Amino acid sequence: MPDAFDIYHKPTFDNISKEKRQKILTVAVQEFATQGFENANINTIAKKAEVSVGSLYKYFDTKTDLFLTCVGHEISFLGQLLQSVTEQDDDIMLKFEKLIRAALTFSRENAIINKLYNEFTTESNIMLGAQLVEQMEALTAKDEFVIENILRFVKAALKPQKYPERKDLL
């Protein structure tokens with residue numbers, strides 16, 4: 001799945017270890033989600049991620065770029081999870097159930113991501129939210145795989161199928 005959000009960090013961010021990148025993103029997500037974008041502090045992120053403030057600015061031009069990279073990383077992670085479910089060769093109802101369960105599990109296990117989502121969709125961040133929506137639309141518009149899967153999902157749903165009664169879901 002293409003990652004339209006990669007443009008928000010400098011190439012130097014790709015040159016550090018995967019573990020260091022993950023630590024920076026994890027700490028930054030936590031800071032943005034708990035403090036909000038406006039109150040998030042680059043110094044706090046640097047200290048908790050065990051990097052210098054100067055290093056963060058070697059990886060990101062602005063706090064906004066760090067925030068957008070965090071959001072993009074989490075969206076890509078969720079997209080990969082959902083893509084793995086859509087690629088399975090299951091009947092449409094089972095696939096639909098797995099998609100819902102995967103999304104719910106992700107949401108439950110990643111509560112901090114929900115807070116981050118709430119942060120970028122609040123009225124206080126209209127411009128940032130608009131920028132994210134534009135990037136997400138660009139990502140899905142370019143991603144033929146997503147479109148193909150949606151079409152396949154809809155076509156399969158339109159085919160008459162007989163499903164056994166699931167008493168465990170009642």
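Each reported figure results from applying straightforward, stated rules to the coordinates on display, with no laboratory input. Only a predicted model underlies this, so the values are computations on that prediction, with no experimental measurement involved. We place every Cβ from the backbone using ideal geometry, glycine too, and count neighbours over all the protein chains shown.
Placing a label point 7 Å from the Cα of residue 102 along the Cα-to-Cβ line, the residues of segment 47-84 whose backbone N sits under 20 Å from it are 72-84.
Among the listed pairs 10/95; 18/48; 63/95; 48/95; 20/63; 23/98, which are separated by more than 28 Å between their Cα atoms?
On the way: 10/95 38 Å; 18/48 17 Å; 63/95 39 Å; 48/95 40 Å; 20/63 18 Å; 23/98 30 Å.
With Cα atoms farther than 28 Å apart: 10/95; 63/95; 48/95; 23/98.
Packing around the peptides 58-67, 85-94, taken as the average count of other Cβ atoms within 10 Å per residue, puts them in this order, highest first: 58-67, 85-94. A simple spin-label model places the labels of residue 43 and residue 114 3.3 nm from each other, with each point 7 Å out along Cα-to-Cβ.
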